[in-house]
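K.L.:
Pasting a structure below so you can have a look.
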Amino acid sequence: MDASAQDSARRAQEARELQRGWYGEPLGDLFRRLLADLGLNQARLAAVLGLSAPMLSQLMSGQRAKIGNPAVVQRLQALQELAWQVAEGRTGAIEAAARMDEIRELAGSSVLGGTTTHSAAGELPAAPARQVVRGIQDVLRSVASAEEIERAAHSLAPAHPHLAEFLRVYGTGRTGEAVAHYEAHQD
């Protein structure tokens with residue numbers, strides 16, 4: 001491998017590591033899982049996310065590290081939630097296809113995915129646990145890498161063990177573990 005190819009491979013690996021810190025895993029792995037779980041091809045996935053096919057390819061290969069548009073990140077989160085529902089058998093193929101059309105139209109809202117409508121009692125409607133958890137993860141991962149979050153948790157652990165646990169679970173852990181933690185700490 002020549003020096004140029006080695007440099008390109010190194011940059012792609014660095015981008016994938018940044019993605020791991022920001023999104024919990026390299027986007028190539030995440031996108032390939034969505035393709036398989038939702039029965040999509042790359043062109044359809046790009047269209048639902050609101051990305052060009054070349055941009056999707058660059059993110060998957062590590063030529064680009066970060067998704068710059070918050071609305072695309074929100075659509076990605078919605079697709080992850082949909083894939084989880086399909087895997088759990090709660091959503092069928094026809095409903096999933098219709099839901100993907102709705103996801104494509106998402107323009108973006110708050111980081112926790114909640115709406116701004118109020119109930120009769122004046123309270124905000126409760127967001128699903130997985131949606132809240134993904135919002136928390138996104139905020140933590142947007143300000144620090146997994147390694148930085150782990151170092152902060154380690155520093156806090158002696159004096160603030162519950163806060164250290166929170167940082168580890170939501171900042172460096174898997175989404176499923178964070179959802180379980182969130183649900184265990186409600187009420």
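K.L.:
Identify, please: which residue in the stretch 167-183 is part of a helix (DSSP H, G or I) and open to solvent by 70 Å² or more (accessible area, probe 1.4 Å) and is, among those, modelled with the lowest pLDDT?
P.N.:
Per the stated criteria, the residue is E183.
K.L.:
Is there a residue in the stretch 13-32 that is surrounded by fewer than 19 Cβ atoms within 10 Å (Cβ to Cβ), of a type in the set (S, T, N, Q) and without any contact (Cβ under 8 Å) to a residue 40 or more places away in the chain?
P.N.:
No, there is no match, as no residue in the stretch 13-32 is surrounded by fewer than 19 Cβ atoms within 10 Å (Cβ to Cβ), of a type in the set (S, T, N, Q) and without any contact (Cβ under 8 Å) to a residue 40 or more places away in the chain.
K.L.:
Also: Only one of these is closer than 29 Å to L167 by Cβ, modelled with pLDDT of 90 or more and assigned to a helix (DSSP H, G or I): R44, R33, R20. Name it.
P.N.:
Residue meeting the stated conditions: R33.
K.L.:
Exactly one condition in (1) farther than 22 Å from V143 by Cα; (2) open to solvent by 70 Å² or more (accessible area, probe 1.4 Å) is not met by L40; state its number.
P.N.:
(2)
K.L.:
Against the conditions (1) free of Cβ contacts under 8 Å to residues at least 60 places away in the same chain; (2) outside any loop (DSSP other than H, G, I, E, B); (3) of a type in the set (D, E, K, R), where does K66 fall short? Just the number, please.
P.N.:
The number of the failed condition is (2).
K.L.:
List every residue pair whose Cβ atoms lie under 6 Å apart, where the two residues are 6 or more positions apart in sequence or sit on different chains, the first residue falls within the stretch 138-149 and is under 13 Å from T172 (Cβ atoms) and surrounded by 14 or more Cβ atoms within 10 Å (Cβ to Cβ), and the second residue, located anywhere, is modelled with pLDDT of 85 or more and aromatic (F, W, Y).
P.N.:
Close Cβ pairs (under 6 Å, with a partner that is modelled with pLDDT of 85 or more and aromatic (F, W, Y)) amount to L140/Y170; R141/W22.
The values are calculated or read from the model by the stated rules, or taken from the named source; none is laboratory data. On a predicted model such as this, the values are computed, not experimentally measured, just so you know. All Cβ positions, glycine included, derive from the backbone under ideal geometry; neighbour counts span all protein chains shown. When the accessible area is computed, the model is the full protein with side chains, heavy atoms only, and any ligands, DNA or RNA have been set aside. Shrake-Rupley method; radii C 1.70, N 1.55, O 1.52, S 1.80 Å.
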